[in-house]
1. If the reach is capped at under 16 angstrom between alpha carbons, list the lysines near residue 70, excluding any in the same chain fewer than eight residues apart.
2. From the phi of every residue in region 32-49, what ³J(HN,Hα) in whole Hz does the Karplus formula 6.51 cos²θ - 1.76 cosθ + 1.60 yield, where θ is phi - 60° and glycine or proline is x?
3. In the structure shown, do any of 279/305; 4/255; 36/110 have a Cα-Cα gap over 24 Å, and if so which?
4. Could you sort 203-213, 152-162 so that the peptide with the highest average Cβ count within 10 Å comes first and the rest follow in order?
5. If you average 1/r across every pair of different Cα atoms in region 183-329 and take the reciprocal, what Kirkwood value do you get, in Å?
6. Give me the lysines in straight-line cross-link reach of residue 344: C-alpha distance below 24 Å, same-chain residues under 8 apart excluded.
7. Starting from the Cα of residue 340, draw a straight line to each of the lysines and keep only those under 24 Å, dropping any in the same chain fewer than 8 residues away.
8. Highest first, please rank the peptides 141-148, 246-253, 76-83, 314-321 by the mean number of other Cβ atoms sitting within 10 Å of their residues.
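The values are calculated or read from the model by the stated rules, or taken from the named source; none is laboratory data. Since the model is a prediction, treat every value here as computed from it, not as a measurement. All Cβ positions, even for glycine, are placed from backbone atoms using ideal geometry, and neighbour counts span all protein chains on display. These accessible areas exclude ligands, DNA and RNA; they are computed on the full protein's heavy atoms, side chains included. Shrake-Rupley method; radii C 1.70, N 1.55, O 1.52, S 1.80 Å.
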Amino acid sequence: MRWKGLLEQYGEHLPLTEETPLLSLNEGNTPLIELKTLSEEWGIELYAKVEGANPTGSFKDRGMVLAVAKAVEEGSSTVICASTGNTSASAAAYAARAGIKCIVVIPEGKIAQGKLAQAVMYGAEIVSIEGNFDDALEIVRELSHTESMTLVNSVNPYRLEGQKTAAFEVIEGLGQAPDVLAIPVGNAGNISAYWKGFKEYSRREESSLPRMFGFEASGAAALVHNRVFPEPETIATAIRIGNPASWDFAVDALKESNGHIDEVTDEEILDAYRLIAKKEGIFAEPASCASIAGVKKSMDKGLLKKGSKVVAVLTGNGLKDPVTAMEHSPVQPVKLPNDKEKVKDYIKGTIGV
Ligand code: F0G
């Protein structure tokens, strides 16, 4: 049957009513890809859940489809969010699809090019502040209390409800829950949503539960150090967050699953970023690669048994952030004149095929 998106596919497990519009951009149903080279090198069974294959290129679409559908159901004509980029792209797309307004507040200069281009094209009103994500979130939270706008950040419970469907897909794709689910952590909504999804599935189908391994960027590692980072900094701008809104949910997920929270440096993130592109053919944005960097770090620390089944969530598409790719790739285009012989000589001689 043709895939029609999450509200149709998983509607019975979501808080839908007769009045909820079946909004869809055919989100979900993303690939679960075995990372064969890395599995062999690291002695584990490693898979990637490629969330960059969603319609706006990130996992945010799973939660946004439901949050915007419920906003429409409740009669709202405007949604608002703070964002490091992906939430704003997704909110703008689903608002456009639903025919309502979208306002986004973003940290000036700290959002990847592709994400900004999306929000612009989908027709959102964009406010860029001289502050970080945490400042922006505080502003939109306040506004949504006093004005008639629906907040669609992950503090909106429908966001996590929608995002939990990724856990269902992981179990369905693997035929069982993995031993470990490795995931980047920013505002801590997604780790909380996956855990909710795994628990619900396990109650329904008596499946086992994975251990949740969350990874923050070292410059924004609030959960790891149990303190707010007032000035978060990392190359992985998507997770440049110093005071995660879903802090308590994430701590519960870690405790209940006998999980593990750790930090990865920008260096480790960039290594993982290049590694999965070059060795596995998967281009994910830097923040996403915190999961792979984290798996590597956990292997090195002896926290993962040989042969473990591990699913790493790749939260966003690499094309979102072309500038970081070009700045940190070892490969750059070679410029030659439009001269057949020179081009042939170069390809045969220097590249040596
Ligand atoms: N990976 C990517 C690509 C993200 O965009 C985000 C969050 C995360 C991981 C972290 O997920 O916040 O649920 O822990 N991006 C938000 C945004 C904050 O505004 O797009 P989380």
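1. Reachable lysines: 60, 101.
2. With the stated coefficients, region 32-49 comes to 10, 10, 6, 8, 5, 5, 5, 4, 5, 5, 9, x, 10, 9, 10, 10, 10, 8 Hz.
3. Over 24 Å apart, Cα to Cα: 4/255; 36/110.
4. 152-162, 203-213
5. For region 183-329, inverting the mean 1/r across all distinct Cα pairs yields 15.5 Å.
6. Straight-distance partners of residue 344: 335.
7. Straight-distance partners of residue 340: 348.
8. Highest to lowest by the protection proxy: 314-321, 76-83, 246-253, 141-148.
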